[in-house]
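J.: Attaching a single structure in structure tokens format; questions to follow.
The values are calculated or read from the model by the stated rules, or taken from the named source; none is laboratory data. Everything numeric in this text was worked out from a predicted model, so none of it was measured. Note that each Cβ is placed from the backbone with ideal geometry, even for glycine, and that neighbours are counted across all protein chains shown.
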Amino acid sequence: MRASALSTNPMKQQKPLDILEIRTNIGWYLDLTDVYSCALVCRDWAKTFIPLLWYTIDFSVQPQIPLSILKKHVRHVRRLEHLDLSEQEGDTLRLLCFGSGIRHLRHLSIAFCESDQVNIHGFDLLRRNRASLTFLRIIRKPFEPEVDIVPAQYCIPPDVLVHPTGSRLTDLSLHNTILTRDGFTHILRSSPCLKRLNLAASNILAGGYIDTMGAKGTGRDCLTDQDSENGYYSDEEDVDTLVVDEAVIKWRPFRHQGVIELAATLQEIFNPDPSIPSPSLLRHFPRLQELYLSGLELIPSIKSSVVRNEVKACCPDLCTVGFSSSPSPAVEELIINAFENLAAVHFEKHNYTVGVFHGLLHHNSTLTSIVTYADQDTTFDSIQPEPIDDLFKDQGRVIQLLFQILPLKSVCFHAHEMKIEWMEEKPWRGTLEELSVRIEGLDTEQKIEKVRSAWVECWNKYRDVLRQSANPLLEDSKVGFSGTAKQDIPADIVVKLEPVDENHMISQVNGNQGGRDMLAPRAPNPLDFFVNDGSLEARVTRFLIQQPNLRDICLGNGYWTL
């Protein structure tokens, strides 16, 4: 009888890229050209990389896709960007909206048109994917509110965001929409996982209020008694008395416990319906942490005191505020009078004034982050630093006060050039962890690279010395004890780490003759490895090293991380 051949273990012959999970994880980090090349390797690789290749369809990049190809791969699509509904679209749009091929979408950006018949098919696309969507942006064409008031059932049909098993939606953007307050409440209630809400050029009309105090069951603002028990409503004292069509009703707002970020104009939030006084939208968001405002033209009914009282009463956790608008004195007024104990502030670069900088100093115990919005054409990955238009160059000394007084951790002044002379006048607080700024004179790739290399090299040498000095101390702490188990080492034996100079350390060692409580040498400093040649690059490097917590910097041509 012949002995059977020795069987080999197939797992020992398998290469890492032969494993499906490894290929899939690697595929997410490749660009589309590399993913396409990988899909052509073999049949198994095609099954892995083709779904990644068709994961996203962006109609702003690929306006025309061959119908035969799209039919074959439409089942892999999970993200649809810039889908614009129009009666002029061809077979591609009909397949997307009318067919049943696209399901399980996670990200959808869709623009509706004026045609009701076309919009119906767009709503059908939403219904088919309502259980899986986590991001949804709905855009309507701009219209005049006086002549084109759109009911909630037209913009957002009630069953679009309602699903028997619960919606997964976390990000919702509504552009150019008009809703009743009841319709807006219905959307919030339909999205229990909602975290971020963006209302761009939208209005929440006063119509649709329900007497939530006198109604029963589902009439209580479209909520059940169980919803009230779960904390969706405020307490009895938080009841608004409204006059709607000469009828006095008592109304309690639906309180969404999950929304932490809201973006809208000042009027949309604090005066939703210009024709009728109505409660602010902040009543719906007791856990709000981030508020991004645009359209900051203060109207008489929206004073900073009104904003202050609403924020204090409705959103006690608010700590981040952003201002995105044309230059307006309202920014300074709101920073000083409307908000307290801010931790982060975001601005447009043209809104920086001396008054705004002084307003930031009012939050001297809490403000840790200041960010300037970047222009659309700004890139942080360019090798050569791009020229900038520094709108607040004359406020350079005032800006230095921010670093000297505030406990800042993250600062982005990518459109501002600092002078190293002003930076060296007084030390910063030393809490900075991330810095994006331009330095006057560092205007070429070579100069910035010289700073980066020296900064990284000093910190690397410093870490190496710490690592080497830690090993002998750990070994010395075990001398004289039998065994290696943890319980064999007495708890009262410690290694004292006191900063002393080298001569004092040597004398202590000679006098101690190997005693256990040996003093360590002076703690090293990153500046010990810095070579100062007096150049601008050396001065900037020295200043950066003096910030002990700084780990991420951008000086004009990309971010560096230690």
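J.: Could you please find all residues in the stretch 138-187 being touching a Phe, Trp or Tyr at 6+ places or on another chain (Cβ under 6 Å) and either modelled with pLDDT of 85 or more or on the phi > 0 side of the Ramachandran plot (or both)?
T.: Hits for the stretch 138-187 are 171, 185.
J.: Condition test on residue 408, is it buried (at least 17 other Cβ atoms within 10 Å of the Cβ), part of a loop (DSSP other than H, G, I, E, B) and modelled with pLDDT of 90 or more?
T.: Here the answer is yes, as residue 408 does meet what is asked.
J.: In the stretch 529-562, what residues are surrounded by 15 or more Cβ atoms within 10 Å (Cβ to Cβ) and of a type in the set (S, T, N, Q)?
T.: Passing the criteria: 541, 546, 547, 557.
J.: Next question, about the same structure. Looking at this structure, is residue 361 part of a loop (DSSP other than H, G, I, E, B) and either touching a helix residue (DSSP H, G or I) at 6+ places or on another chain (Cβ under 6 Å) or of a type outside the set (Gly, Ala, Ser) (or both)?
T.: Spelling it out, it is not the case that residue 361 is part of a loop (DSSP other than H, G, I, E, B) and either touching a helix residue (DSSP H, G or I) at 6+ places or on another chain (Cβ under 6 Å) or of a type outside the set (Gly, Ala, Ser) (or both).
J.: Which condition does residue 253 not pass, out of (1) modelled with pLDDT of 90 or more; (2) buried (at least 16 other Cβ atoms within 10 Å of the Cβ); (3) touching a helix residue (DSSP H, G or I) at 6+ places or on another chain (Cβ under 9 Å), if it passes all the others?
T.: It fails just one condition, (1).
J.: Where in the stretch 18-134 are there helices (runs of 4 or more DSSP H), lying fully within it, with 1 or more residues that are over 28 Å from residue 171 (Cα atoms) and either in contact with a Ser or Thr (Cβ under 8 Å, 6 or more places away or on another chain) or modelled with pLDDT of 80 or more (or both)?
T.: By residue number, 20-27, 32-39, 43-53, 67-73.
J.: Now for a separate question. Every residue in the stretch 270-292 that is under 21 Å from residue 192 (Cα atoms) and not in a strand (DSSP E or B), please.
T.: Once the filter is applied, which keeps residues that are under 21 Å from residue 192 (Cα atoms) and not in a strand (DSSP E or B), the stretch 270-292 yields 280, 281, 282, 283, 284, 285, 286, 287, 288, 289.
J.: Another question, if that's okay. Do we have any residue at all in the stretch 343-358 that's in a helix (DSSP H, G or I), of a type in the set (Phe, Trp, Tyr) and in the same structural domain as residue 394 (by TED's automatic domain parsing)?
T.: Checking the stretch 343-358: at least one residue is in a helix (DSSP H, G or I), of a type in the set (Phe, Trp, Tyr) and in the same structural domain as residue 394 (by TED's automatic domain parsing).
J.: Follow-up. Looking at this structure, is residue 436 modelled with pLDDT of 85 or more, in a helix (DSSP H, G or I) and hydroxyl-bearing (Ser, Thr, Tyr)?
T.: Judged against the criteria, residue 436 is not a match.
J.: While we're on this one: Which condition number in (1) modelled with pLDDT under 90; (2) crowded, with 17+ Cβ neighbours inside 10 Å; (3) assigned to a loop (DSSP other than H, G, I, E, B) is the one that residue 398 fails?
T.: Every condition holds for residue 398 apart from (3).
J.: Could you figure out which of (1) surrounded by fewer than 19 Cβ atoms within 10 Å (Cβ to Cβ); (2) within 23 Å of residue 200 (Cβ to Cβ); (3) modelled with pLDDT of 90 or more isn't true of residue 274?
T.: Among (1) surrounded by fewer than 19 Cβ atoms within 10 Å (Cβ to Cβ); (2) within 23 Å of residue 200 (Cβ to Cβ); (3) modelled with pLDDT of 90 or more, the lone unmet condition for residue 274 is (3).
J.: Pull out all pairs, ordered by first then second residue, where Cβ-Cβ is under 8 Å, the residues are six or more apart or on different chains, the first lies in the stretch 445-464 and is over 17 Å from residue 556 (Cα atoms), and the second is in a helix (DSSP H, G or I) and of a type in the set (A, V, I, L, M, F, W, C).
T.: Listed pairs, sorted by first residue: 457/529; 458/527; 458/529; 458/545; 459/545; 461/529; 462/529.
J.: Moving on to the next point. Please find, within the stretch 537-553, the residue that is farthest from residue 449 (Cα to Cα) out of those that are touching a helix residue (DSSP H, G or I) at 6+ places or on another chain (Cβ under 6 Å) and of a type outside the set (A, V, I, L, M, F, W, C).
T.: Among those that are touching a helix residue (DSSP H, G or I) at 6+ places or on another chain (Cβ under 6 Å) and of a type outside the set (A, V, I, L, M, F, W, C), it is 539.
J.: Could you check the stretch 176-201 and list, in sequence order, the residues that are among the basic types (Lys, Arg) and in a loop (DSSP other than H, G, I, E, B)?
T.: Of everything in the stretch 176-201, just one residue is among the basic types (Lys, Arg) and in a loop (DSSP other than H, G, I, E, B), namely 195.
J.: Just give me the residues in the stretch 250-289 being polar (S, T, N, Q) and either closer than 20 Å to residue 170 by Cβ or touching a Phe, Trp or Tyr at 6+ places or on another chain (Cβ under 8 Å) (or both), in sequence order.
T.: 257, 280, 289, listed by residue number.
J.: Applying the selection to the stretch 413-450, what residues are of a type in the set (Asp, Glu) and more than 30 Å from the chain's Cα centre (by Cα)?
T.: Matches in the stretch 413-450: 421, 424, 425.
J.: Looking at the stretch 413-430 only, could you name the residues that are within 16 Å of residue 558 (Cα to Cα) and assigned to a helix (DSSP H, G or I)?
T.: none
J.: Could you please find all residues in the stretch 294-331 being assigned to a helix (DSSP H, G or I) and surrounded by fewer than 18 Cβ atoms within 10 Å (Cβ to Cβ)?
T.: 304, 305, 306, 308, 309, 312, 313
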